[in-house]
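All remarks here apply to the structure that follows.
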Amino acid sequence: MFTSKDVLETIAMVEKEHLDIRTITMGISLLSCIRDSAEETAQRVYDLVCKKAENIVKTAEDLSGEYGIPIVNKRVSVTPVSLISAHFPEKAPLIGRALDKSAKTLGIDFLGGYSALVQKATADYERIFIRTIPEVLATTDRLCASVNVGSSKTGINMEAVKMMGEIFKECAELTADKDGIGAAKLVAFCNAVEDNPFMAGAFHGVGEADTVVNVGVSGPGVVKHALEQIPNADLTEVAELIKRTAFKITRAGQLVAKEASKRLNATFGIVDLSLAPTPAMGDSVAQILEEMGIETVGGHGTTCALALLNDAVKKGGVMASSRVGGLSGAFIPVSEDIGMIKAAEKGAITLDKLEAMTCVCSVGLDMIAIPGDTPATTISAILADESAIGMINNKTTAVRIIPAPNKKVGDEVSFGGLLGRAPIMPVHSCDSSKLINRGGNVPAPIHSFKN
Amino acid sequence: MRAVVTVTGKDKKGIIAKVSAFLSEKGANIEDISQTVLGEYFAMIMIVDISAIQEELSTIAKECAELGKQIGMSIYMQHEDIFNAMHSV
């Protein structure tokens, strides 16, 4: 039985430390919607998503009211659309727009799954599909897209890497009037996971059940507040405290996930243990690292502190949930984290340091704005580096980068809401085009041959 | 079904009376009550049985928060499961 102290602690976490359930994401299989024509398929997709998820917003609000814990986002992920539209890839945008419409009907903020999985090779229909992404993201509001370009098992598909550099640029250019927001709704992955509840990279894998509920917990503020209570403790104690705090946060997520899946008549999928920041003051992963003893995030020691944080969160979370999955790591999106924004403005954190940080945490170079005149091949090279880290280390890595049109270092982009704002960060000016234009595949590492 | 009602804020007269009157009017049965006053800070935690209540818990929780605003306190009503989940292994 809980004590009065426990009750007051939970309430303080919500009131002062931004404890929340970051997202309830319903994964829906679209495989049953495939028809001969794109028009008919799009109609089926719209009907199915609206029917399956019709109660997601109400259920989340009810649970939030009953447990007294805010549930910030209600979202849907679907089977990668490239598979649904394989028969008519040039008409895939019809399905994208049907999905966007269903998100609006449901009243959810994002729907993910305008995706293609091309980690080994790009099929013809996937090539056509990927080329539709910029136009679709420019003409929809709530749809998110992702492309998996590599994996530890298959190596890296460099044709896809090259193409994605161009696609990021096109996405930003087609939405130049909104600081290139199209690119903020697109992620390129290495080792993408099929049960990720977080946007923009969520999609519903084909190995999943028909309808699934995945939950993403959060609570950087709670972890930071706990650490403030032990300012002089050694790092063993710091790790212990983070573990215990992550346990409590994840238990709240587990409870909500189980109850939500029951009420929504869906399979309980996973709880994602990621620490996800928001632009709100006190809800920052960067500030946890600073609390651990680095003056400004990006300074020497940042990677070590992040490694400790990421591992301790997992250890505490795994014990608290019956099924853990998704990305489960500390997120370091620049524009969505007030500590990161400040460090970037000061020039304390650079793309190179962020890349180093992604070696020890998920998920990658996230929400980073770079100059609009960055060549596509340079963006591809950034993605290639990030994919290599994921491939060699058997972990998920990703790139969500915004080549902000007409902006240069010193300027800022602002997307508002959860997507936040970001100063334009410099990239290396040396040319990487020869490497990218070679094409082919980066072979899978030797340690992938485990059979 | 049991819920936990937490009332916190600056100590003043009649808090318990007002909160328990509201709960009894709704049909909730108070099973346990504990209260501390630290300086001017008041904290009361009640365990209430809400099985007999007709309205949904999320609705009553909203009304509790409203009552809190009226009397200048912060009032939460939450399903007990959240505390059992977070604070026991």
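Quick note: the coordinates plus some simple rules give every number you see, no bench work behind them. Since the structure is predicted, the reported quantities are computational estimates derived from the model, not experimental observations. Reconstructed Cβ throughout: ideal geometry from the backbone, glycine too, with neighbour counts over all protein chains shown.
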Using the Kirkwood formula on the Cα atoms of the protein assembly as shown, what hydrodynamic radius do you get, in angstrom to one decimal? 24.1
Given Cα pairs under 8 Å that are at least 6 residues apart, what percent is the relative contact order of chain A? 18
Just counting partner chain Cβ atoms within 10 Å, what average do the residues of peptide A:3-9 show around their Cβ? 6
Which distance in Å, rounded to a whole number, links the C-alpha centroids of segment B:1-80 and segment A:376-417? 49
For chain B, what does the helix formula give at 222 nm: sum of -39500 (n - 2.57) over DSSP H segments with n ≥ 4, over the residue count, nearest 500 deg cm²/dmol? -11500 deg cm²/dmol
Which whole-number percent of Cα pairs in segment B:2-87 have a distance greater than 22 Å? 20
Which aspartates and glutamates have a Cα less than 19 Å from the Cα of A:LYS346, not counting those fewer than 8 places away in the same chain? A:GLU290, A:GLU291, A:GLU295, A:GLU336, A:ASP337, A:GLU355, A:ASP366, A:ASP411, A:GLU412
Quick one: if you stick a label point 7 Å off each Cα along the C-beta vector at A:VAL57 and A:LYS5, how many nm between them? 4.3
Per-residue mean of C-beta atoms belonging to partner chains within 10 Å, peptide B:72-85: 6
Which GluC sites (Glu not before Pro) from segment B:25-89 combine a DSSP loop assignment with at most 11 other Cβ atoms within 10 Å? B:GLU40
Pop out the ³J(HN,Hα) list for segment A:242-247 in order, Karplus 6.51 cos²θ - 1.76 cosθ + 1.60 with θ = phi - 60°, rounded to Hz; leave Gly and Pro as x. 5, 4, 5, 5, 4, 4
Whole-Hz ³J(HN,Hα) from phi, Karplus 6.51 cos²θ - 1.76 cosθ + 1.60, for segment A:354-371, glycine and proline x: 4, 4, 4, 5, 6, 5, 10, 8, 7, 10, x, 7, 10, 6, 10, 8, 10, x
Would you pull out the residues with amide H under 5 Å of A:ARG323's amide H, same chain only if 5 or more places away, H placed 1.01 Å from N? A:VAL271
Estimated 222 nm signal from helices in chain A, with DSSP H stretches of n ≥ 4 weighted -39500 (n - 2.57), rounded to 500: -14000 deg cm²/dmol
Segment A:9-20 - phi-based ³J(HN,Hα) in whole Hz, Karplus 6.51/-1.76/1.60, Gly and Pro as x: 5, 4, 5, 5, 4, 6, 5, 10, 10, 6, 5, 7
Subtracting the Cα-Cα distance from 0.36 nm times the residue separation, let me have the gained length for A:ALA12 to A:ILE446 in nm, one decimal. 151.3 nm
Could you tell me the relative contact order of segment A:17-147? Use alpha-carbon pairs under 8 Å, at least six residues apart, and round to a whole percent. 28
Of A:LYS243/A:LYS395; A:LYS5/A:LYS248; A:LYS169/A:LYS407, which sit over 19 Å apart, Cα to Cα? A:LYS243/A:LYS395
Report the rotationally averaged projected area of segment A:192-278 based on its alpha-carbon convex hull, in square nanometres. 6.8
Expressed in angstrom and rounded, the centroid-to-centroid distance over alpha carbons for segment A:218-269 and segment A:146-187 is 32
Can you tell me which of A:355-366, A:170-181 comes out highest on packing, and rank the rest after it, using the mean Cβ neighbours within 10 Å? A:355-366, A:170-181
If each part is reduced to its alpha-carbon centroid, segment A:48-109 and segment A:286-305 end up apart, in Å, by 37
Listed by chain and number, the residues whose amide H is under 5 Å from that of A:VAL78, excluding neighbours fewer than 5 places away on the same chain and using placed H, are A:ILE28, A:GLY112, A:GLY113, A:HIS204
Relative contact order of segment A:83-241 (C-alpha contacts under 8 Å, at least 6 apart) in percent is 20
